[in-house]
Amino acid sequence: MLKKSIRDSSSKSYSIEARAYDIVGIATHNFWVLRDEKENVLGQLHGLATNPQMRYYR
């Protein structure tokens with residue numbers, strides 16, 4: 001997991017996380033998570049399932 005913290009003009013703190021779930025060892029589901037200062041999930045942006053060995057997308 002990769003995490004980057006940011007602040008807005010009202011001094012609220014947010015973090016953006018790059019997440020990935022393994023899918024039965026054959027692919028990975030990649031997505032981003034936006035969290036507030038209390039670690040509540042505010043939103044998610046999902047990507048495609050990928051297979052790094054075969055280099056294709058599902």
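Values in this text are rule-based calculations from the coordinates and carry no lab data. Just so we're clear, the structure is a prediction, and the values are computed from it rather than from any experiment. Cβ sites come from the backbone with ideal geometry, for glycine too, and all protein chains shown count toward neighbours.
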The ³J(HN,Hα) series, computed from each phi in the range 17-25 with the Karplus coefficients 6.51, -1.76 and 1.60 at θ = phi - 60°, rounded to the nearest Hz and given as x for glycine or proline, is 10, 8, 10, 8, 10, 6, 10, 6, x
Taking amide H positions as placed 1.01 Å from N in the peptide plane, with prolines and chain starts having none, which residues 5 or more places from Ile23, or on another chain, fall under 5 Å of its amide H? Thr28, His29
Mean Cβ-within-10 Å packing, highest first, puts peptides 21-34, 4-17 in the order 21-34, 4-17
Please compute the length gained on full extension between Asn30 and Asp8, using 0.36 nm multiplied by the number of residues separating them and subtracting their Cα-Cα distance. 5.4 nm
